[in-house]
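Notes for the one structure printed next.
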Amino acid sequence: MATADAPTTSGYCSWHNQDEAEVWRIRLSEAGSGGKVHYACIHCIRIWKLTPYEDEDQGQ
């Protein structure tokens, strides 16, 4: 089961404005996010140099 911080198998890329095969939750400032959680595909992460959330806080 995927968490909010983990990559998902499918989801909505906020930069492409469409569903993609794999998306990651993106770390944005509260002002930059507009109060929403944003996800991006790996292509947008590379092109726009976005920073995905890491799952390090949830180690077992």
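Note on Trp48 and His16: their simple-model spin labels are 1.3 nm apart, each label 7 Å out from Cα toward Cβ.
With Cβ to Cβ distances under 13 Å as the rule, what net charge do the other residues near Ser33 carry (K, R +1; D, E -1)?
On the way: positive: Arg25, Arg27, Lys36; negative: Glu30.
Summing Lys and Arg as +1 and Asp and Glu as -1 gives +2.
Since every read-out is calculated from the coordinates, none of them should be taken as a lab result. Keep in mind that what you see is a predicted model, and the values were worked out from it rather than measured. Please note: Cβ atoms are built from the backbone with ideal geometry, for glycine as well, and neighbour counts cover all protein chains shown.
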